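Visitor: Attaching a single structure in structure tokens format; questions to follow.
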């Protein structure tokens, strides 16, 4: 059964179709479970990779391999706050948090960005130290092998995280995948550093370490921009047009005054003003809004809720008529 609220000051009808809303929320546990599954599997894989690399670092004193190992440990540890966020996002909304706990996912993404910044700074610091005091890499062959293992492991984890993150709409999980991909770049650089050591170039290792730091900063900027936009309720303009087009195509809708869309965690929320004929009955207006919501839930992935406000269409030439933005 639907709840209806009439705002007598503006003539708006707020329709909340609990049947459709509940159907959309049934996907939430599945999405959170998929995110947790990704984190557990990638945590195990990166943890094993990092532990194996620690032994080689101790024997070789390689700045590049140390950078790679630090990144793998950091990447594994970032799974913990993100896992907590996925668990929190499954909790029901409360009076204090009426929109639920999905925003905790974006906060976890912010922590991931900070972890990436710290690991890049540590890498640069250690590389500069080795640049001022060059040392030969011991066991360059083992270092190269460890780098190849890290490259394969990180790229597999990155693809897994990014794929699932995009499927469930999680910016934090995509950022974590980009973090793993950046670590894959460090692993590739380790192989290059080992090759430089074979050639007798001592400074190859710290120079590669500095290049790694630059690559991490570049990925950091991409991930940070994505997380910032989520925290500021930024969305892709094409998504706004997609939502507006489906609302405008609903039977009985005369036009669209305003559309707002935002992400809360990996769930979308829509708020829109829909223009209806000024002389229709309340029950008819409600039916039109329910049909419009039905279209949105069937055509907009990851939609969790849609709040539609019905505004009456003004006669042509009315000086008090509001501007209508018809979206098609």
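The values are calculated or read from the model by the stated rules, or taken from the named source; none is laboratory data. Not measured: the values here are computed from a predicted model. In this analysis, Cβ positions are derived from the backbone assuming ideal geometry, glycine residues included, and neighbour counts consider all displayed protein chains.
Residues checked against (1) at pLDDT below 75; (2) in the same structural domain as residue 156 (by TED's automatic domain parsing); (3) in contact with a helix residue (DSSP H, G or I) (Cβ under 9 Å, 6 or more places away or on another chain):
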site	(1), (2), (3)
33	no, yes, yes
37	no, yes, yes
40	no, yes, yes
43	no, yes, yes
58	yes, yes, no
62	yes, yes, yes
65	yes, yes, yes
74	yes, yes, yes
78	yes, yes, yes
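Visitor: Sort through 265, 209 and tell me the only one that's surrounded by 19 or more Cβ atoms within 10 Å (Cβ to Cβ) and on the phi > 0 side of the Ramachandran plot.
Guide: Selected residue: 265, the only one of 265, 209 that is surrounded by 19 or more Cβ atoms within 10 Å (Cβ to Cβ) and on the phi > 0 side of the Ramachandran plot.
Visitor: Between residues in the stretch 151-171 that are buried (at least 18 other Cβ atoms within 10 Å of the Cβ) and residues that are outside any helix (DSSP H, G or I), which pairs lie under 6 Å by C-beta distance while being six or more apart or on different chains?
Guide: Matching pairs, first to second residue: 168/266; 169/266; 169/302; 170/266.
Visitor: So the check is Cβ under 6 Å with 6+ separation or different chains; which pairs have a first residue in the stretch 93-120 that's within 19 Å of residue 216 (Cα to Cα) and a second one that's part of a loop (DSSP other than H, G, I, E, B)?
Guide: 112/78; 115/78
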